[in-house]
Each structure stands twice: as C-alpha cells, then as structure tokens.
Amino acid sequence: MQQGTLMRKVKSKSWKKQRYFKLQDDCMTIWYQSKRTGKTESAFSISDVETVREGHQSEVLQSLAEEFPPERCFTIVFYGRRGNLDLIAGSAEEAQCWVQGLRQLIEPRSLTSALASFTWIRDWFQKADKNKDGRMNFKEVQRLLKMMNVDMNEDHALRLFQDADKSESGTLEGEEFVLFYKALTQREEVLSLFQDFSEDGKKLTLLELVDFLRQEQLEDEGTEELAMELIDKYEPSETARARHVLSADGFLMYLCSPEGSIFNPQHRALWQDMTQPLCHYFISSSHNTYLIEDQIRGHSSIEGYIRALKRGCRCLEVDCWDGPNGEPVVYHGHTFTSKIPFREVVSTLGKYAFKVGNPSLGSGCHGWPSAGGDEVAAAWGSGGSPVGEQHPRVLTSPSTILQDLKHKILLKGKKIGRLEDTLDGPEDEAHDVSDDDNGAEAEEEKRRMKVVLGPSAPVMGTFDGSALQKDKETLAQALSDCVVYCKNVSFRGFQEARGHSRPSEISSLSEAKARKLIRDAGNEFVRHNSWQLTRIYPSGMRTDSSNYSPQEMWNVGCQIVALNFQTAGMEMDLCDGLFSQNGCCGYVLKPPFMRDEETLFNPSDPGSREGPGPITLTIQVISGQQLPKVSNSKEGAIIDPLVRVEIHGVPADQAHQETKYIENNGFNPRWDETLQFQLHVPELALVRFVVEDYDKTSRNDFVGQFTLAFANIKPGYRHIHLLSKDGTNIPPSSLFVHIHISK
C-alpha cells in the first residue's frame, strides 16, 4: 500500500487508534499518521529500536487477548526509557511481515564498528538532505557539520567539499559523500601511531604488527596467530590480506573493534570459577522490580521484570498481596502504585528468567497472601525440594544451581520452623517465622520474599502479602515449604549470627544499618559475608526511586545489593559495569580475601588486604570521536567536551580527575592529557569514564559514560565505546586512550 500499512496503535484497553505505518525509502525511518486526519503523528529511527516482541507480551495487549489473537499483535521496544509501541495488524500475515522486517533491519547493527559508522553516515545524510533529492550542496553540508557537533572554518570545509566533488556538479552524492566523510574523520593520532611501527608509512607487515601488539598492547601469548587473525578480520583490501599486511584503514578498524576495546574481550564470556558457594559471589539485584517510576504513585509493569532480566539481573522482587476474588496482585503495598496480576508476573518470569544466566533466587513476600496461598505456591511450581541429600551446610554454588536447579527459582522469604523440619519431618518446636531488621522500613521489609535465579539465569524477587495479616501462624505451609536455601532471619549481630545462624539463611539490612555496621565493624561484616548471604535495600525515604552507591556495600562483600533499576545514574552505571563481565550471568566472584572466613580485611584499612602492594593506573586521554549532542540543546549548539575519570572502590581509592575542556568540538576533540591513580585494593575498584559538556555558568551536561571493573581493563592503546545515561550504546561515539598499569 502506497500510504503504508493500516494498524491499530494501542495505549490501553479503551484507547485504540488506527494509524498508517510506513518504512521510508532509506530503510532507517518509520513514520505513522492518523487515518482520520492524515496528520503525521511521529517518526522513529530503526536505530532507536531494541527488539520486537510477538504476541500478547505487554499488559495492554494481554488485556485485549480475548478481542485480538496473538498472531496479529506485536510490541516494538525502544532503547532507554521511551515507552513501548503496541500494535495490532489487520492480519497475521501483515504482523509477520512487520516483525520479520524490523528484526532484519535491527540485526546488523552490532556486527562491526565499520557498519555502525556507515549506518551513522546514512542517518546524518538523510537528516541534512532537506529537499530529499539524494544530493547535498555546500549549504546543506554546512548545516550537517553543525548537526554533527563540528565547528569548522568555512574555507577548510569548502576545500574538503570540492576535493570530494569528483563530478564537479557542486553537490555530493553517494560515494562522493563517503569521500567527504572519510576526509572529515581522518584520525591523525592513529595515523601517527601507525607510522611509528610502519617502516614505509603505508602498511604494517606481519612482524611490525606483532611488534606493536607486544610492545604497546602487551599481548604476550600467541601474538603471531593473533596478528594473522586481525589482518584476516579487519584488513579491507583483499590484496593486502593475501600479503599478510595491514593498511592504515585496517589498523583503525582493529583499534575500533572489540579486540581494540578497553574491555578485555576474554572477560566478556564466562571466565570465572563457578563452583564456589553462592555467598562467594556478588549477585545482580533489583529493588521493587515491578516499578518503572517512583515508589508512591509509580506505574507497576511486567516491563520492569523484562528490562531487569535482560540487563542480567538475578535477584527480583515480586511483592505479592491479596487481590480481588482471592487472586494475588503485585504492587508496592500501602501506596498508590498501580497493580498487576501475580500470574502475569510468573508468566513473564517463565519467559525471560532463563535467557541470560542460570537458575534463580527469588525473594520476598510482604507476608504471604492470606487467600490463595496454595495457588501462589502452585504457580511457582515445585521449587522447594533441596538439591541432593545433604542439608545446605555450605550454601549452594551457582554451579550447583546451574546443574541441579536449572530452570528453577529459589525463594528467599519467611519459613515455618527450621529447614531440618522440612527435610526430616516436624519436631516439637514452636514455629519460627523470622523477621528482618528493626524499624519502620524493616517492618515493611520483613513481609517480603525474594526470588533468586542461578548463573545460567539467576534471579531474586520479592513477594508481598497482606500487611493486615498479623498472625504469623497463617503463613501458608505450601509457600513455606518452597523456601529452602534462603530463609529470612533477623540480624541480631555478628556474634549471634556466628553462633546460631546457618549458611542457608539470609538477613536483609537497610542501607543506613549497613553503613553503620561498615563503620563500626568492617572486618566482622566481611567475615560474615564469607559464609552467609546479606541483602541490602534502599531507604524508605527514597520515594523518588533514587539509589545509594552499591560500592560501599560490595566493599564488605554484601552479595545482594538491591538497586532501583528504573533510575539511571552513577549507581546503575557501577552496577552495569561490575556485571558486564563473566558472560553477563549476574554473578561475579569475590576476591579471595573476601571468601576467607578468617580474613583480616577491612575496607577502611587497605593494608589489611593480603597480597601485593598498591598499583598505579596511568591513563592518557588522547581524543574523542563523534560525541553526541546534549539532549534538548539549542539548534546549532556545539558541545565543549571534557573527560572525567572516576575510581570507585575502598575509601582510600575513591578519586577522580578530569581533563581540560575543548571548545566547540564534539566531533574529534583532542586532549592528550595524562591522569594517574594509585589503587590499594584494585580487586574491588571500578573505573568510570564520563564525558561532559562544560558550562561555566551552570552544572555540566552529561554526554556519555563507560564503566568497567579494573580487573577487566586491557592495557595499551584502546577505544572506549560510550554509553548513554540509560546504559545503551551510542555508536560511533568513543574515546581513544592509552592505558598503563605498573606496581
């Protein structure tokens, strides 16, 4: 159809509007317009689309399940916080056409940095080509330069334009624009580095490339084989590949590739020992996972679970409360947040929990629902049987979860009696239904149960039951029996825990109480976390869903540090940075000195760490490439970028330094500045690179960032591919740095 495909855009059960949707000729833009008015409502780029989901995979489409079959329904999911787009096609065939077409268009984006750059060029060309004639005159090129964050002398821009205009038509089209772009993006700093190792200045022979890899990149194993692989993979010239040489273009492609990234590519995969007890791992954990806004009036949505799970979260909260007709609902109790059916949450976990990591831990019931308890237990399935014949004297390891609890969920929560009663039969003891911390926040927290998924898909969650239910004896036995490895117990001090607690038990602490324990008994806290799980949750005062810094909790070995995943910022950058390694499985092995029950380590005293002395991290910030404009900036505005490097770790290592700012150049700024840091406990350090737009009259604006654990840094000349505030890629924006590590 010339005007596009007629589909229903759905926002609620009662809001269904017919719109014409059409993919533009550039295969990069989709617009849609009202059938009634003909007015174009909006447009979005394919580069904005993260994924496409088929069927009833949103609350809105689920509410319309009886009216529209799943074959006609699909959801377009965007990066960042942009709302999803729910659509209903006229037929199953039309729906499939759009689903498969969109998937093919978004699939290639992650292939190579070269392809990302090509897509980026095409995007900008389409934006600047105002009259849509497929050509660009010099005036349009000048407009494009402003859009691309380039403040260039007009005479120089005209020279580049005329050099690229091979047809002498006064316009650029096709290959001519590519030539203009290549001249514009000439990397002098990379070319200089290339020529330092190239005898003729035109190519790197195999031996010259080996020298570069050994001397600068510190690649000391299988270097010749690596050099051959890089030439075969990144050299664009077939002739050069046959001669086993690397051109300047191939050299740049290597430096921009995953092999040239600051992040050690070997650590992207599962690289750590996964046979340790569960308490020996940091576990990616979320707080009130169902909320995608604030804690008081925010929207509850299964989208919160989907986003958290896709982000590698292994500990979820499912706050389950009594609902109408005995059907449990999930929401933040005693608030005005919206509610979602518990069964929809369970269904969503079934679809997404095991796509990223291993089995899961689930935690939290604000008191189990007084009605429908057995139904809730049935919904979870038979997750309450212990693994093997032994009691969990040493809390199960992720490996055990992966092998023996694959596609199972572990529940953290209250329990009637002891674990031994469940396994060996009841004894003549009074029922024990444990509470958590003391105080108002803890009173709310004690009614929670969490869900934990193991490394092939580890997850924790919280259930909320009716807060009006005061009689502890009404806890449903079926639900109690599901709690095996993560029984909730009150924390009454480290000495009490050492004498009476079991490794299969877990305590939850507010951020304030955790900070006090860190301050007063840091070493005891580290020892406690070497054999038992601890969960930290945000203050009840954080009604805006803000976050506390997880670093101070990780410094004492707290495993389950729950954050509000819906809130972007430094805290979530640290979380993403830590868990982006090890296959993104949501489990990161703690350092050896934090796994020893007799350790002397105290984060406030770096000298208590056993092992080698401090190391020095030297970072030369060389240049930036194609930095994005600040959101909501004025038309024609160009950023003044600076780079800040932050160290997050034990108190003695906390530090930050920054470069000077470069005026009016977000396209290819050069800093050539050296920053240096001393790290006393590098095993716990995270390094965060932040690019900001300098403003002398107000707070600097965020441009991009990248965070990673120090253990994952590759030394040498490296590119840092920047992420947005929401943690999504912003290709081809990057920094070029040189990293040196010494003792």
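State whether the residues of segment 206-214 include one that is in contact (Cβ under 8 Å) with a residue 12 or more places away in the chain and in a loop (DSSP other than H, G, I, E, B). Scanning segment 206-214, I find no residue that is in contact (Cβ under 8 Å) with a residue 12 or more places away in the chain and in a loop (DSSP other than H, G, I, E, B), so the answer is no.
Filter segment 581-599 down to the residues that are more than 15 Å from Glu683 (Cβ to Cβ) and open to solvent by 20 Å² or more (accessible area, probe 1.4 Å) and list them by number.
Gly583, Cys584, Glu597, Glu598
Within the set Glu71, Glu66, the sole residue that is charged (D, E, K, R), assigned to a helix (DSSP H, G or I) and modelled with pLDDT of 85 or more turns out to be Glu71. Within segment 169-186, the only residue that satisfies the criterion of being open to solvent by less than 30 Å² (accessible area, probe 1.4 Å) and charged (D, E, K, R) is Glu176.
Please enumerate the residues belonging to segment 142-164 that are part of a loop (DSSP other than H, G, I, E, B) and within 32 Å of the chain's Cα centre (by Cα).
Result: Met148, Asn149.
Just one of the listed residues (Leu291, Leu309) is modelled with pLDDT of 95 or more, outside the structural domain of Gln625 (by the TED database), in contact with a Ser or Thr (Cβ under 9 Å, 6 or more places away or on another chain) and of a type in the set (A, V, I, L, M), namely Leu291. With surrounded by 23 or more Cβ atoms within 10 Å (Cβ to Cβ) and on the phi < 0 side of the Ramachandran plot as the only criterion, which of Ser508, Ser501, Ser530, Ser490 stands out? Step by step, each of Ser508, Ser501, Ser530, Ser490 is checked, and only Ser508 is surrounded by 23 or more Cβ atoms within 10 Å (Cβ to Cβ) and on the phi < 0 side of the Ramachandran plot. Kindly establish whether Val526 is outside any helix (DSSP H, G or I) and farther than 21 Å from Phe702 by Cα. Criteria not met by Val526. Among the residues making up segment 222-255, those that are farther than 22 Å from Pro715 by Cα, in contact (Cβ under 8 Å) with a residue 24 or more places away in the chain and open to solvent by less than 50 Å² (accessible area, probe 1.4 Å) are Ala240, Val245, Ser247.
When the residues of segment 533-545 are narrowed to those that are in a loop (DSSP other than H, G, I, E, B) and of a type in the set (D, E, K, R), which ends up least open to solvent (accessible area, probe 1.4 Å)? Write out each step before concluding.
To start, the set of residues in segment 533-545 that are in a loop (DSSP other than H, G, I, E, B) comprises 538-545.
Still in the list and also of a type in the set (D, E, K, R): 542, 544.
Details: Arg542: 56, Asp544: 100 Å².
Ranking the candidates gives Arg542 first.
Identification of strands (runs of 3 or more DSSP E) wholly contained in segment 546-659 with 3 or more residues that are at negative phi and among the aliphatic types (A, V, I, L, M) yields 560-563, 615-625, 641-648.
Residues being of a type outside the set (Lys, Arg), modelled with pLDDT of 95 or more, touching a Gly at 6+ places or on another chain (Cβ under 9 Å) and under 22 Å from Val681 (Cβ atoms) are represented in segment 538-553 by at least one member. Of all the listed residues (Ser608, Ser631), the sole one being open to solvent by 30 Å² or more (accessible area, probe 1.4 Å), among the small types (Gly, Ala, Ser) and more than 20 Å from Arg718 (Cα to Cα) is Ser631.
Being closer than 17 Å to Phe736 by Cα, of a type outside the set (A, V, I, L, M, F, W, C) and in contact with a strand residue (DSSP E or B) (Cβ under 8 Å, 6 or more places away or on another chain) is a description that does not apply to Glu173.
The values are calculated or read from the model by the stated rules, or taken from the named source; none is laboratory data. Since we're looking at a predicted model, the values are computed, not measured. Here the Cβ is made from the backbone with ideal geometry for all residues, glycine too, and neighbour counts use every protein chain on show. To get the accessible areas, we keep the full protein, side chains included, count just its heavy atoms, and leave off ligands, DNA and RNA. Shrake-Rupley method; radii C 1.70, N 1.55, O 1.52, S 1.80 Å.
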